[in-house]
Amino acid sequence: MRRLIPALVPPLALGLATLLAAAPAGAAANTSTRDSYGTKATYAPGESARSYQRPPVGFTPVFTENVSRHGSRAATDGEDADLVLALWKKAGAAGRLTAKGKRFGPEVQALRTAMSTVGYGDLSGRGEREIHDTAVRMEKRLPGLFQRIAGDKEKIDVVSSGQGRAVDSANLYAAGLAGADPALKPLIGPTRTDVDLLYFHKAAGGAAYRDYLANDQRLASTLKSITDQPTTHRAARDVLKKLFKGDFVDQLSDDDRVAAATAVYNLYAIAPAMSDESPGGRGWGMERFISKRDAAWFGYLSDVEDFYEKGPGFAGSDITYKMAGVLLDDFFRQIEAKRAGTSDLGAELRFTHAEEIIPLAALMGLPGSTKGATAEQPYTYADNAWRGASVAPLGSNIQWDVFSKGDTYLVRMLYNEKETAFKAGCTPISKGSAFYKLDELERCFGRTNSTS
């Protein structure tokens, strides 16, 4: 979440301003403590494998593929910690720290040191475990598939965005598979890089998207209008007054208060990802320095940014997620090659970032990613199911398992390891089934003409 600065222009319109005045209650509706972490939420599988549906009689697994966000990591830089520590030192020198504020500074200093030691933007110990354990669970879910892969000497392809934490996640995942079944080790290829596929928001295919971020006035005005509300300024004061005496907080400008409170929130949000590096592995306790209500509000503002910049965005526009088509095409292409007998792969494993998972979820119509916002009904928690903590937490993943019986191929989707229905309009083999015929998915996603 970038540092939020109050709007320098009036709200979009009186109607929107009036509607947004009710957003504090909306932002708190249908939410949870986990939601307050946004896309920095740590990973947990969405379902126990014991509850998965069994494939229809006679169908055996023949292929699996996934795309995964890297695991939990340190903050990408030390800017937030530096900002709040500079303010903390200034308040301390003036004797304006609260009792809680006196404890806050050493905690932030220790967290900053831990993140610097791990490496800014690099996987934490928790992130390494998340990725390794996800790989082990995949092997346990599909033992017949991996026995087949080992027996037939099929290959396992591993590909990443080329960014350090994605490369590390790919290598850890491969090592987890090999550890679960050593016969797979010689079949796992070295991690290769495909920027166009797995870093598309920065590649040639994302040019129009980058122009949208830089120049779209509706986007800029909407983000400013949602951010610059009385609730934001109230929350900023509340956050800082837990740490600093009221007169010290009052001396800061509105911009500085919001910036500092956002930095405190960002440290709160990243702390669970660094839990392994905390003293005794007990966690950093950053939740002591921000109330649940204020964390929920800043978490909502973080989700606002991700929703409009990466997710469903504005109704009637696909600029934020059209570019993910290259990744969805690859999912189909891999299965179609398997069906055609032209692929020697048993598994295709991809590792990327939130900037790819979020638009792919919107393109696929995954749960929570089906509804864009309008000028009349901007994004709030009260009327939109999109939550960063559910759509793309750290370590999030989308997996397609493929089963065959003769010439019939079935596909089951797991989203964060939970059996998940394909989008509306795609018909499973029977009501309530998690399994879909491949040709039905090709029809549903408009790929019929691309098949043989």
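Within the range 406-423, is there a residue that is more than 30 Å from Ile226 (Cα to Cα), of a type in the set (Gly, Ala, Ser) and either open to solvent by 10 Å² or more (accessible area, probe 1.4 Å) or over 15 Å from the mean Cα position of the chain (by Cα) (or both)? Yes, there is a match, as at least one residue in the range 406-423 is more than 30 Å from Ile226 (Cα to Cα), of a type in the set (Gly, Ala, Ser) and either open to solvent by 10 Å² or more (accessible area, probe 1.4 Å) or over 15 Å from the mean Cα position of the chain (by Cα) (or both).
Per the listing Arg339, Arg333, Arg387, the residue uniquely basic (Lys, Arg) and within 15 Å of the chain's Cα centre (by Cα) is Arg387. Of all residue pairs spaced 6 or more apart or on separate chains, those with beta-carbon atoms under 6 Å, a first member in the range 92-103 that is at pLDDT 95 or above and a second member that is hydrophobic (A, V, I, L, M, F, W, C) and assigned to a helix (DSSP H, G or I) are Arg96/Phe248; Leu97/Ala91.
Might you let me know whether the range 90-104 holds any residue that is open to solvent by less than 60 Å² (accessible area, probe 1.4 Å), closer than 30 Å to Ser169 by Cβ and among the aliphatic types (A, V, I, L, M)? No, the range 90-104 contains no residue that is open to solvent by less than 60 Å² (accessible area, probe 1.4 Å), closer than 30 Å to Ser169 by Cβ and among the aliphatic types (A, V, I, L, M).
Filtering the range 371-384 to residues that are of a type outside the set (Ser, Thr, Tyr), surrounded by fewer than 22 Cβ atoms within 10 Å (Cβ to Cβ) and either without any contact (Cβ under 8 Å) to a residue 24 or more places away in the chain or more than 30 Å from His70 (Cβ to Cβ) (or both) leaves Ala375, Glu376, Gln377, Ala382, Asp383. Return a yes/no flag: does the range 237-258 have any residue that is over 25 Å from Arg96 (Cβ atoms), surrounded by 20 or more Cβ atoms within 10 Å (Cβ to Cβ) and among the aromatic types (Phe, Trp, Tyr). Within the range 237-258, none of the residues are over 25 Å from Arg96 (Cβ atoms), surrounded by 20 or more Cβ atoms within 10 Å (Cβ to Cβ) and among the aromatic types (Phe, Trp, Tyr). The residue of the range 328-353 that is nearest to Ser390 (Cα to Cα), among those that are open to solvent by 10 Å² or more (accessible area, probe 1.4 Å) and of a type in the set (A, V, I, L, M), is Leu328. Annotation: Asp294 fulfils all but one of (1) open to solvent by 10 Å² or more (accessible area, probe 1.4 Å); (2) among the charged types (D, E, K, R); (3) over 27 Å from Arg129 (Cα atoms); the unmet one is (1).
Mind counting the residues in the range 211-229 that are touching a residue at least 12 places away in the same chain (Cβ under 8 Å) and within 28 Å of Asp294 (Cβ to Cβ)? Looking only at that region, the number is 11.
The residue pairs whose first member lies in the range 231-260 and is in contact (Cβ under 8 Å) with a residue 12 or more places away in the chain and part of a helix (DSSP H, G or I), whose second member is of a type in the set (Asp, Glu) and open to solvent by 10 Å² or more (accessible area, probe 1.4 Å), and whose beta carbons are closer than 7 Å, counting only pairs six or more residues apart or on different chains, are His233/Asp254. Within the range 152-174, the set of residues being open to solvent by less than 60 Å² (accessible area, probe 1.4 Å) and part of a helix (DSSP H, G or I) comprises Gly164, Arg165, Ala166, Val167, Ser169, Ala170, Leu172, Tyr173, Ala174.
Per the listing Gly388, Gly341, Gly432, the residue uniquely at pLDDT 95 or above and closer than 27 Å to Asp318 by Cβ is Gly388. For the range 268-285, the criterion of being at pLDDT 95 or above, acidic (Asp, Glu) and more than 24 Å from the chain's Cα centre (by Cα) is satisfied by no residue at all.
Residues that are open to solvent by less than 10 Å² (accessible area, probe 1.4 Å) and either of a type in the set (D, E, K, R) or on the phi < 0 side of the Ramachandran plot (or both) within the range 313-325 comprise Thr320, Ala324, listed in sequence order. From the list Ile429, Ile398, Ile357, the one residue that fits, being closer than 27 Å to Glu139 by Cβ, touching a residue at least 12 places away in the same chain (Cβ under 8 Å), of a type in the set (A, V, I, L, M, F, W, C) and open to solvent by 20 Å² or more (accessible area, probe 1.4 Å), is Ile429. The number of residues in the range 298-354 that are hydrophobic (A, V, I, L, M, F, W, C), in a helix (DSSP H, G or I) and free of Cβ contacts under 8 Å to residues at least 60 places away in the same chain comes to 1.
Just one of the listed residues (Ile149, Ile188) is modelled with pLDDT of 95 or more, under 21 Å from Lys338 (Cα atoms) and touching a Gly at 6+ places or on another chain (Cβ under 6 Å), and it is Ile149.
Quick check, is Glu417 acidic (Asp, Glu) and in contact with a helix residue (DSSP H, G or I) (Cβ under 6 Å, 6 or more places away or on another chain)? For Glu417, the condition - acidic (Asp, Glu) and in contact with a helix residue (DSSP H, G or I) (Cβ under 6 Å, 6 or more places away or on another chain) - is not met. The residue that is nearest to Leu438 (Cα to Cα), counting only those in the range 63-83 that are β-branched (Val, Ile, Thr) and in contact with a Leu (Cβ under 7 Å, 6 or more places away or on another chain), is Thr64.
Scanning the range 66-97 for residues that are of a type in the set (Ser, Thr, Tyr) and more than 17 Å from Tyr120 (Cα to Cα) yields a total of 1.
Within the range 363-386, the presence of a residue that is assigned to a helix (DSSP H, G or I) and more than 27 Å from Leu345 (Cβ to Cβ) is excluded.
The values are calculated or read from the model by the stated rules, or taken from the named source; none is laboratory data. The structure displayed is predicted, hence computed values, not measured ones. Please note: Cβ atoms are built from the backbone with ideal geometry, for glycine as well, and neighbour counts cover all protein chains shown. Keep in mind that these areas ignore ligands, DNA and RNA; they rest on the heavy atoms of the full protein, side chains included. Shrake-Rupley method; radii C 1.70, N 1.55, O 1.52, S 1.80 Å.
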